[in-house]
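Encoded as structure tokens, the structure appears first; notes follow it.
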Number of protein chains: 2
Amino acid sequence: MSETRTRPKRATIFDVAAEAGVSRGTVSRVLNGEPYVSQSAREAIEAAIDKVGYVRNTAARNLATQTSGAVALIVHEPHAVFVEDPNIGAILLGTNTALSDADYQLVSLIIDSDRDTDRVVSYLGGGFVDGAIVVSAREDDPITAALERLHIPTVLVGRPETAPELPSVSIDNRTAARDITERLVSTGRRRIGMIAAALDRDSGRDRLAGFRDALGDAFDDALVVEVPLYSFHSGQEGMRQLLRRAPDLDGIFAASDAIAAGAVDVLKEAGKRIPNDVGVVGFDDSAWALRCQPALSTVRQPAGALGARAAELVLDEIRRGERQRGVVLLPTEVVWRDSA
Amino acid sequence: MSETRTRPKRATIFDVAAEAGVSRGTVSRVLNGEPYVSQSAREAIEAAIDKVGYVRNTAARNLATQTSGAVALIVHEPHAVFVEDPNIGAILLGTNTALSDADYQLVSLIIDSDRDTDRVVSYLGGGFVDGAIVVSAREDDPITAALERLHIPTVLVGRPETAPELPSVSIDNRTAARDITERLVSTGRRRIGMIAAALDRDSGRDRLAGFRDALGDAFDDALVVEVPLYSFHSGQEGMRQLLRRAPDLDGIFAASDAIAAGAVDVLKEAGKRIPNDVGVVGFDDSAWALRCQPALSTVRQPAGALGARAAELVLDEIRRGERQRGVVLLPTEVVWRDSA
DNA sequence: GGAGGATCTGTGAGCGCTCACAGAATAAGA
DNA sequence: TCTTATTCTGTGAGCGCTCACAGATCCTCC
């Protein structure tokens, strides 16, 4: 319990050196885990750090190393989606934790309009960040292109097909979609439809592909409807269309829990009972899933872990220059509840 | 269009000085908006800044000024709430924008468990942030106490009663709650209940008080039920209780849109028609409001603006030492839709 | 015309750290 | 024993900026 009446004067590397009876250089070496430090010096320094309560001054370090100590998290979504989408929040949280553990700052850049694109690109060119994580990159994303041009270490969350050289972390959407659809099949559903979304991203396309995989010959184009967003509203809209086309369907795979919730809403209004008349499954295992009546069967997506893993990958590249090649897939899990 | 094949060497204050034919000191003065700079020098410097594409090196500035250039956003909520609550997301966004406009970094500290409290307190003591914004502070919050002890400029979003010396930004929950309840009354509802929440915070208490204000003598204790969280689930729970107590009620004021959505759910299940049999109003104007069937009448809360305003207040205190006294109230607005 | 006050400008030092280099200590081999 | 690696340590310079100080220039007024 130290006295904290006034803002404490922070100890510097100099104080540590004096306390340990060595020079600044040696302290710096210990701090950075460099070799060529004697056991005795190391121990003395570690004790001294503890004693004087030293913590590194990031600004000084960044100035000396000509780095920023910051990583950008670039989210290319309207503000509304950013606020609403639980996955994005979880990714942000995961990234934030991983970065601050490593003493890095997270700078979040939200790109809402196209005007923002220019602003962000020039910001990135200014050397304010040592690396970047791009969430839900679109095909032909100008930001991703700029990042490559600037040689800024970058990791994508989700994997668009046009930037295969960049490392990315994602989930196996296709397999997960196949798995959950298969269980829909194995519980006896015969006329299964899908509400697909975001077909301009890998997540959307792969979920559709997985659905197709599971149905095999039974796949029927007419039972797939595409909606623009992973949203409740889109779910309602899609479900209405689908019901018009095929009033007799008995299973629905929705590309996200929010969509599934919208679908459930419309189905109930149409007098269908869930899961008795129609089985519904979603994707994400977000709070939507539990909010539904009945609770949604869905695929658990490790959103926080995705963010954390992406952070670790950029850090690897920033600090050791090691670029992970290709895509890292994190495991998903089917969660079976009451809606199917 | 400059060549960007390799990471561009950033221009320094020195380059600007050379280009403008003045000294570093004068450039620094212009950069910091200090007086005593001749018109001609100022113009030359501004032109030079443009020409060489100078942007200030934050690390160097922070080192020289002995500041961190960062403001903490402290959210004392479980991770789940952080991810789900649209208000928190919007506050974060507003804060982030305001801070980065002023060249400050936002550091988000999420306190989930009590273990985090210690970690955060010691982090704050380390001089890593120049100011702090505390969202949804509880009564007797240990973090708030630590912040005062450390003399770190702090602004609260929402106003707990035990920290009246700290400036805060909030909305007039009481008046807003009264207004929306009054419109419920004026449209002919006679038996109006309330689902209250979070009575350990000003937001919760004031909404209840406003409700009471609007009903006057007609206020009936038995028609108020308290639930633990501003959540959909809590809304369902509360509504069930209320229906048991008073199956004949014809109006509901829910302390948040999420609660209202839960209430609507239960009411529909119970065969009530909305708004014909029961009128329902919420609070927040979050995405929940539009998600409801029928769309929710509610109070629009300027969450983004709350965050931005809080940021401006801390910045005022950090930069000019001016502490705003008391609470800043931002205006709300009743949004009349179809649920009442 | 010169004193005294404003207004403007340049310079050195220093913020806390890292990095390259040189020098000291130790170990190993002839 | 002396040489030559190898391991370890200290020192100076410099990252880009701000701040205090001193000096220069310009007015104003007696």
query: Can you name every residue in the stretch B:53-67 that is within 9 Å of DNA strand C (Cβ to nearest atom), under 14 Å from B:Tyr104 (Cβ atoms) and over 28 Å from the mean Cα position of the chain (by Cα)?
result: B:Ala59, B:Arg61, B:Thr65
query: Quick one: is A:Asp112 within 21 Å of the chain's Cα centre (by Cα), closer than 22 Å to A:Arg309 by Cα, surrounded by fewer than 23 Cβ atoms within 10 Å (Cβ to Cβ) and within 14 Å of chain B (Cβ to nearest Cβ)?
result: no
statement: Within the stretch A:176-188, the count of residues that are modelled with pLDDT of 95 or more and not acidic (Asp, Glu) comes to 5
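To keep it simple, each residue is scored yes or no on (1) at pLDDT below 90; (2) farther than 30 Å from B:Pro302 by Cβ; (3) more than 9 Å from DNA strand D (Cβ to nearest atom); (4) open to solvent by less than 70 Å² (accessible area, probe 1.4 Å).
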| position | (1), (2), (3), (4) |
| --- | --- |
| A:Ala17 | no, yes, no, yes |
| A:Gly21 | no, yes, no, yes |
| A:Leu31 | no, yes, yes, yes |
| A:Val37 | no, yes, no, yes |
| A:Ala41 | no, yes, no, yes |
| A:Glu46 | no, yes, yes, no |
| A:Ala64 | no, yes, no, no |
| A:Ala72 | no, no, yes, yes |
| A:His76 | yes, no, yes, yes |
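Taking the stretch A:299-339 on its own, how many of its residues are of a type in the set (Lys, Arg) and without any contact (Cβ under 8 Å) to a residue 12 or more places away in the chain? Reasoning before the result, please.
Going residue by residue through the stretch A:299-339, those that are of a type in the set (Lys, Arg) are A:300, A:309, A:319-320, A:323, A:325, A:337.
From what is left, the residues that are without any contact (Cβ under 8 Å) to a residue 12 or more places away in the chain are A:319-320.
Looking only at that region, the number is 2.
Could you tell me whether B:Ser122 is assigned to a strand (DSSP E or B) and surrounded by fewer than 23 Cβ atoms within 10 Å (Cβ to Cβ)?
On the way: assigned to a strand (DSSP E or B): no; surrounded by fewer than 23 Cβ atoms within 10 Å (Cβ to Cβ): yes.
So B:Ser122 does not fit the description; no.
I'd like to check something: does the stretch A:167-186 contain any residue that is among the polar types (S, T, N, Q), open to solvent by less than 10 Å² (accessible area, probe 1.4 Å) and either over 21 Å from A:Gly304 (Cα atoms) or assigned to a helix (DSSP H, G or I) (or both)? Spell out how you get there, then give the answer.
Narrowing the stretch A:167-186 to residues among the polar types (S, T, N, Q): A:168, A:170, A:173, A:175, A:181, A:186.
From what is left, the residues that are open to solvent by less than 10 Å² (accessible area, probe 1.4 Å) are A:168, A:170, A:173, A:181.
So of that shortlist, the ones also either over 21 Å from A:Gly304 (Cα atoms) or assigned to a helix (DSSP H, G or I) (or both) come out as A:173, A:181.
Yes, the stretch A:167-186 contains at least one residue that is among the polar types (S, T, N, Q), open to solvent by less than 10 Å² (accessible area, probe 1.4 Å) and either over 21 Å from A:Gly304 (Cα atoms) or assigned to a helix (DSSP H, G or I) (or both).
Can we say A:Asp206 is open to solvent by less than 70 Å² (accessible area, probe 1.4 Å), within 26 Å of the chain's Cα centre (by Cα), farther than 23 Å from A:Cys292 by Cα and modelled with pLDDT under 95?
Numbers: open to solvent by less than 70 Å² (accessible area, probe 1.4 Å): yes; within 26 Å of the chain's Cα centre (by Cα): yes; farther than 23 Å from A:Cys292 by Cα: yes; modelled with pLDDT under 95: yes.
So A:Asp206 fits the description; yes.
Does A:Thr117 fit the bill of being outside any loop (DSSP other than H, G, I, E, B) and more than 10 Å from chain B (Cβ to nearest Cβ)? Steps first, answer last, please.
Working: outside any loop (DSSP other than H, G, I, E, B): yes; more than 10 Å from chain B (Cβ to nearest Cβ): yes.
Taking the combined requirement at face value, the residue satisfies it.
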field: Criterion violated by A:Arg309 - all others in (1) assigned to a loop (DSSP other than H, G, I, E, B); (2) surrounded by 19 or more Cβ atoms within 10 Å (Cβ to Cβ) satisfied
entry: (1)
Number of the exception - B:Gln301 against (1) under 19 Å from B:Asp202 (Cα atoms); (2) surrounded by fewer than 23 Cβ atoms within 10 Å (Cβ to Cβ): (2)
- prompt: So B:Ala102 clears everything in (1) in contact with a strand residue (DSSP E or B) (Cβ under 6 Å, 6 or more places away or on another chain); (2) more than 9 Å from chain A (Cβ to nearest Cβ) except one condition, right? Which one?
  reply: (1)
task: Evaluate the following for A:Thr162: is it surrounded by fewer than 24 Cβ atoms within 10 Å (Cβ to Cβ), of a type in the set (S, T, N, Q), modelled with pLDDT under 95 and in a helix (DSSP H, G or I)?
output: no
field: Residue that is farthest from A:Asp114 (Cα to Cα), among those in the stretch A:148-157 that are within 11 Å of chain B (Cβ to nearest Cβ) and open to solvent by less than 20 Å² (accessible area, probe 1.4 Å)
entry: A:Ile152
Qualifying residue in the stretch B:90-99 (condition: more than 16 Å from DNA strand C (Cβ to nearest atom), surrounded by fewer than 22 Cβ atoms within 10 Å (Cβ to Cβ), within 11 Å of chain A (Cβ to nearest Cβ) and on the phi < 0 side of the Ramachandran plot): yes
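Of everything in the stretch A:68-77 that's touching a Leu at 6+ places or on another chain (Cβ under 8 Å) and more than 9 Å from every other protein chain (Cβ to nearest Cβ), which residue is nearest to DNA strand C (Cβ to nearest atom)?
Here is the first cut: in the stretch A:68-77, the ones touching a Leu at 6+ places or on another chain (Cβ under 8 Å) are A:70-75.
Filter once more, so that each one left must be more than 9 Å from every other protein chain (Cβ to nearest Cβ): A:71-75.
Details: A:Val71: 18, A:Ala72: 22, A:Leu73: 25, A:Ile74: 27, A:Val75: 31 Å.
Only one residue fits best here, namely A:Val71.
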message: Please go through the stretch B:53-62 and give me each residue that is open to solvent by 50 Å² or more (accessible area, probe 1.4 Å) and in contact with a helix residue (DSSP H, G or I) (Cβ under 7 Å, 6 or more places away or on another chain), ordered by number.
response: B:Arg56
- prompt: Can you name the number of the only condition in (1) charged (D, E, K, R); (2) assigned to a loop (DSSP other than H, G, I, E, B); (3) without any contact (Cβ under 8 Å) to a residue 40 or more places away in the chain that B:Arg189 fails?
  reply: (3)
message: Checking the condition near DNA strand C (Cβ under 9 Å from one of its atoms), of a type outside the set (Ser, Thr, Tyr) and more than 10 Å from chain A (Cβ to nearest Cβ), which residue from B:Ala44, B:Ala48, B:Ala18 passes?
response: B:Ala44
query: Is it the case that A:Ala80 is of a type in the set (A, V, I, L, M), open to solvent by 30 Å² or more (accessible area, probe 1.4 Å), at the interface with chain B (Cβ under 8 Å from one of its Cβ atoms) and more than 16 Å from DNA strand D (Cβ to nearest atom)?
result: yes
field: Residue pairs meeting the criteria (Cβ under 6 Å; at least 6 apart or on separate chains; first under 18 Å from A:Asn96 (Cβ atoms) and free of Cβ contacts under 8 Å to residues at least 40 places away in the same chain, in the stretch A:72-84; second outside any helix (DSSP H, G or I) and of a type in the set (Val, Ile, Thr))
entry: A:Phe82/A:Val75; A:Phe82/A:Ile110
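Report yes if B:Gly326 is open to solvent by 20 Å² or more (accessible area, probe 1.4 Å) and at positive phi, otherwise no. Walk me through it before giving the result.
Numbers: open to solvent by 20 Å² or more (accessible area, probe 1.4 Å): yes; at positive phi: yes.
Criteria met by B:Gly326.
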- line: Filtering the stretch A:127-147 for residues that are within 11 Å of another protein chain (Cβ to nearest Cβ) and open to solvent by 10 Å² or more (accessible area, probe 1.4 Å) leaves a count of 3
task: Those residues that are closer than 22 Å to A:Ser170 by Cβ and in contact with a strand residue (DSSP E or B) (Cβ under 6 Å, 6 or more places away or on another chain), I need them from the stretch A:256-296; list them, please.
output: A:Ser256, A:Asp257, A:Ile259, A:Ala260, A:Val281, A:Gly282, A:Phe283, A:Asp285, A:Ala289
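The values are calculated or read from the model by the stated rules, or taken from the named source; none is laboratory data. Keep in mind that this is a model prediction, so the values were computed, not measured. Glycine also receives a Cβ, built like all others from the backbone with ideal geometry; neighbour counts cover every protein chain displayed. Note: accessible area is taken over every heavy atom of the protein model, side chains too, but ligands, DNA and RNA are not part of it. Shrake-Rupley method; radii C 1.70, N 1.55, O 1.52, S 1.80 Å.
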